[in-house]
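What follows is a set of notes on a single structure, which appears directly below.
The values are calculated or read from the model by the stated rules, or taken from the named source; none is laboratory data. All values reported here derive from a predicted model rather than from experimental measurement. Ideal geometry is used to build each Cβ from the backbone, glycine not excepted, and the neighbour counts take in all protein chains shown.
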Amino acid sequence: MELLDLGKTEVYLQLIQNAIENEKTAIVLVPEISLTPQMLERFIARFGKEKIGVLHSKLSIGERHDEWNKIREGKAKIIIGARSAIFAPVENLGIIIIDEEHDSSYKSEANPKYDAKQVAKYIAKQNNCPLLLGSATPDINTYYNAITSKKIELLKLTKRANKSNLPEVMLIDLKQELANGNRSMLSKELYTQIQNNLKQKRQTILFLNRRGYSTFVMCRDCGYTVKCKNCNISLTYHSYGNKLKCHYCGYEEKLVTICPECKSKKIRYFGTGTQKLEQEINKVFPRNKNYKNGYRYCNKKKFS
């Protein structure tokens, strides 16, 4: 089944409107980092602030208490929040929507451990209401079940809202770039596009899903990799502070200069993080009078 001429969020809004018109409530789960004021404002503009309850970990104890009571008393018809909002004390539930359903943050790593999507599936079944899993890049298990099982119906958005054009997408093989003599982190095409943007005094956003400078540190002689003593995963090198950090538990240690296994000094740094990309950009596009450009660096953790 295809949905034409509607954006994903607009589909959510119309489904929620239908639930409210039938005197039912709705739960909308989003990754916590997506709980932006702009996102909430869109729901408030459509339904009004008094009908919306918000639950997430950044609320104070008092704010959480007030929101919880607002939901329990039936004043909030739409509950928006991160994974824990699935446990909101709603009645007469009409629909559950999980936005960006592929996001790993829906699984709780802390006790009690739970998968919000599985909990939502159970609650939807108990309330005999639909569960909508939305994503531009769906979880592989969800997508496989949708195309092979009759239990999940696959709905496709084939056009953008307001019939606007899709952006042009280029896939560039960096291995081929290297074979052609380009040893930079930036492909020739990306370099040209950034250069053109700077000349036209336009902005450029570069996304890289790796924090720090190098993603792991290894001994070239014996293959030893520096790992977190708590999580047993590779530590990430951060050039700011010259430390090795674990992005799971926050453990830190000083730089390793001698291999603890074979005592070799051939310790090397591999992988690319946002700090290395920032360094490369400053090197390739230095601040000067011709471009008058500036750089902003963002290296924030996702909220838990």
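Whether any residue in the stretch 150-162 is at positive phi and assigned to a loop (DSSP other than H, G, I, E, B) is what I want to check.
Scanning the stretch 150-162, I find no residue that is at positive phi and assigned to a loop (DSSP other than H, G, I, E, B), so the answer is no.
Among the residues of the stretch 23-43, which ones are in contact with a strand residue (DSSP E or B) (Cβ under 6 Å, 6 or more places away or on another chain) and surrounded by fewer than 20 Cβ atoms within 10 Å (Cβ to Cβ)?
Matches in the stretch 23-43: LYS24 only.
Counting only residues that are closer than 14 Å to HIS247 by Cα and not in a loop (DSSP other than H, G, I, E, B), how many does the stretch 206-228 have?
So the count comes out to 3.
So that you can scan it fast, the table gives a plain yes or no per residue for (1) part of a loop (DSSP other than H, G, I, E, B); (2) at pLDDT 90 or above:
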{"position": "LEU40", "(1), (2)": "no, no"}
{"position": "PHE43", "(1), (2)": "no, yes"}
{"position": "LEU59", "(1), (2)": "yes, no"}
{"position": "HIS65", "(1), (2)": "no, yes"}
{"position": "TRP68", "(1), (2)": "no, yes"}
{"position": "LYS75", "(1), (2)": "yes, yes"}
{"position": "GLY94", "(1), (2)": "no, yes"}
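Inspect the stretch 129-146 for any residue being within 25 Å of ASN22 (Cα to Cα) and exposed (fewer than 13 other Cβ atoms within 10 Å of the Cβ) and give the result as yes or no.
no
Return yes or no: is LYS156 closer than 20 Å to ILE95 by Cα, charged (D, E, K, R) and without any contact (Cβ under 8 Å) to a residue 40 or more places away in the chain?
When the stated conditions are applied, LYS156 does not pass them.
Looking at the stretch 72-79, can you tell me whether even one residue there is in contact (Cβ under 8 Å) with a residue 12 or more places away in the chain, closer than 20 Å to GLU32 by Cα and within 26 Å of the chain's Cα centre (by Cα)?
Checking the stretch 72-79: at least one residue is in contact (Cβ under 8 Å) with a residue 12 or more places away in the chain, closer than 20 Å to GLU32 by Cα and within 26 Å of the chain's Cα centre (by Cα).
Return the only residue of GLN176, GLN203 being in a loop (DSSP other than H, G, I, E, B) and exposed (fewer than 14 other Cβ atoms within 10 Å of the Cβ).
Criteria check complete, one pass: GLN203.
Of the residues ILE281, ILE267, which is at pLDDT 90 or above, outside the structural domain of LYS58 (by TED's automatic domain parsing), over 19 Å from GLN195 (Cα atoms) and among the β-branched types (Val, Ile, Thr)?
The conditions single out ILE267.
For the stretch 111-140, enumerate the residues that are farther than 19 Å from VAL30 by Cα and not in a loop (DSSP other than H, G, I, E, B).
LYS125, GLN126, ASN127
Would you mind stating whether GLY212 is assigned by TED's automatic domain parsing to the domain that holds GLN279 and either more than 20 Å from GLN279 (Cα to Cα) or in contact (Cβ under 8 Å) with a residue 40 or more places away in the chain (or both)?
Considered against the rule, which asks whether it is assigned by TED's automatic domain parsing to the domain that holds GLN279 and either more than 20 Å from GLN279 (Cα to Cα) or in contact (Cβ under 8 Å) with a residue 40 or more places away in the chain (or both), GLY212 comes out as yes.
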